[in-house]
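Enquirer: To start, I am sharing the structure in question, which I have written as structure tokens.
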Ligand SMILES: [Fe+2]
């Protein structure tokens, strides 16, 4: 019998990149009044290190765009699932000040989360794989190259946000796609292959991550689509699926292989994906449960300080329904352990060696 999913999404969450690229209503242009309000907050926060202390919502008021914020919270939760802020004058602010602004905006959408065992809540996305060659000392997002459409680890992470500081020489566009569109295309063209994603795939996390989390590298079977509490949630961590096969945890049969092939082809298709350049000062918020993200291949600069560089936030949104347990591969306890490890490391590291 043909597979029937429990729910077929419709409305704003189902979109095609080729349509959205014709419009710019997913771009929020910061008004002169908001830019002034931001500048005043930056002045008040002078002296604060953006990597350390969080910026609280009341320390970074955005009263000039209160209506917009309410609309955007709704849009990211149940609308298209993303938007881009534009209008910050990159040259007016230092990197640290942009970090403070970014964390300030983030506080209006959720609580920021630790992104690795290094305790970083403001992550630096930059290819330094040639400088920090030891993979175990690098964060996962400190490498370069094309990234196929994926979600970040699910559980606590509701929103993934990125702010552009520097661009590569060429390429490196941000690529996003609606997981709900991918779901419906699979349903229309190959419903039985869609069924494979509801059954799930065995995932395995990297050994170094597992060790720092105090958990087994083998995550087990995780459905890529799960409908619960009125939300159709997507978790698609392709690399983790392949890692499980490489380690002999699972085999991927011909039907599963065909399903993955269809998912990857659809989600990376130029009609489905929205390809955008994030210019320095632009920042993007995406729903990690309904939006897939990736990036185009890029040619970077030689000198580290000139390389493509973005800040990243992972935000938890307490008002949203909980992510289904079956899809929660990175949970609050894991992050608490990361924070504890980072605190131990800081305590054991003299200040002069901390950078
Ligand atoms: Fe990612």
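The values are calculated or read from the model by the stated rules, or taken from the named source; none is laboratory data. Just so it is clear, the model here is predicted, and its values are computed rather than measured. Neighbour counts are summed over all protein chains in view; Cβ atoms, including those assigned to glycine, are modelled from backbone coordinates with ideal geometry.
Enquirer: If only one of 248, 281, 239 is modelled with pLDDT of 95 or more, surrounded by fewer than 22 Cβ atoms within 10 Å (Cβ to Cβ) and closer than 25 Å to residue 196 by Cβ, which one is it? Show your work before the answer.
Expert: Values: 281 fails: closer than 25 Å to residue 196 by Cβ; 239 fails: modelled with pLDDT of 95 or more.
Checking each option against the conditions leaves just 248.
Enquirer: Taking the condition of being within 15 Å of the ligand (Cβ to nearest atom) and surrounded by fewer than 16 Cβ atoms within 10 Å (Cβ to Cβ), how many residues in the stretch 251-278 meet it?
Expert: Result for the stretch 251-278: 0.
Enquirer: So for the stretch 331-351 (the condition being more than 16 Å from the ligand (Cβ to nearest atom), more than 19 Å from residue 151 (Cα to Cα) and not in a helix (DSSP H, G or I)), does at least one residue qualify?
Expert: Start the filter on the stretch 331-351 by keeping residues that are more than 16 Å from the ligand (Cβ to nearest atom), which leaves 331-351.
From what's left, more than 19 Å from residue 151 (Cα to Cα): 333, 336-351.
Checking which are not in a helix (DSSP H, G or I) leaves us with 349-350.
Looking through the stretch 331-351, at least one residue is more than 16 Å from the ligand (Cβ to nearest atom), more than 19 Å from residue 151 (Cα to Cα) and not in a helix (DSSP H, G or I).
Enquirer: So, in the stretch 144-156, exactly how many residues are on the phi < 0 side of the Ramachandran plot, more than 10 Å from the ligand (Cβ to nearest atom) and buried (at least 22 other Cβ atoms within 10 Å of the Cβ)?
Expert: Qualifying residue count, the stretch 144-156: 2.
Enquirer: Turning to a different aspect of this structure: Please enumerate the residues belonging to the stretch 217-237 that are assigned to a loop (DSSP other than H, G, I, E, B) and in contact with a helix residue (DSSP H, G or I) (Cβ under 6 Å, 6 or more places away or on another chain). Before you say what the answer is, go through the steps one by one.
Expert: First, pick out the residues of the stretch 217-237 that are assigned to a loop (DSSP other than H, G, I, E, B): 217, 223-224, 229-230, 235-237.
Within the stretch 217-237, 217, 223, 224, 235 qualify.
Enquirer: Given the criteria under 19 Å from the mean Cα position of the chain (by Cα) and either away from the ligand (no atom under 16 Å from the Cβ) or not in a strand (DSSP E or B) (or both), does residue 281 qualify? Can you show your working first?
Expert: Details: under 19 Å from the mean Cα position of the chain (by Cα): yes; either away from the ligand (no atom under 16 Å from the Cβ) or not in a strand (DSSP E or B) (or both): yes.
Yes.
Enquirer: Collect the residues in the stretch 286-301 that are in a strand (DSSP E or B) and either near the ligand (Cβ under 9 Å from one of its atoms) or buried (at least 22 other Cβ atoms within 10 Å of the Cβ) (or both), keeping them in residue-number order. Give the steps one after another, and end with the answer.
Expert: Of the stretch 286-301, the ones in a strand (DSSP E or B) are 286-287, 291-295, 298-299.
Across the stretch 286-301, the qualifying residues are 286, 287, 291, 292, 293, 294, 295.
Enquirer: In the stretch 301-316, what residues are more than 15 Å from residue 278 (Cα to Cα) and more than 11 Å from the chain's Cα centre (by Cα)?
Expert: Selection gives 301, 302, 303, 304, 305, 306, 316.
Enquirer: Can I ask one more? Out of the residues in the stretch 157-181 that are within 12 Å of the ligand (Cβ to nearest atom) and part of a strand (DSSP E or B), which is modelled with the lowest pLDDT?
Expert: The qualifying residue modelled with the lowest pLDDT is 174.
Enquirer: Tell me which residues, restricted to the stretch 87-109, are outside any helix (DSSP H, G or I), at pLDDT 95 or above and on the phi < 0 side of the Ramachandran plot.
Expert: Start the filter on the stretch 87-109 by keeping residues that are outside any helix (DSSP H, G or I), which leaves 87-89, 93-94, 108-109.
Okay, now just the ones that are also at pLDDT 95 or above, so 87-88, 93-94, 108-109.
Residues satisfying the conditions are 88, 93, 94, 108, 109.
Enquirer: Can you report the number of residues in the stretch 4-34 which are surrounded by 15 or more Cβ atoms within 10 Å (Cβ to Cβ) and not in a loop (DSSP other than H, G, I, E, B)?
Expert: Within the stretch 4-34, the first condition is being surrounded by 15 or more Cβ atoms within 10 Å (Cβ to Cβ), and the residues that meet it are 5, 9, 13-17, 20-21, 26, 28, 30, 34.
Checking the rest, the ones that are also not in a loop (DSSP other than H, G, I, E, B) come to 17, 20, 28, 34.
So the answer is 4.
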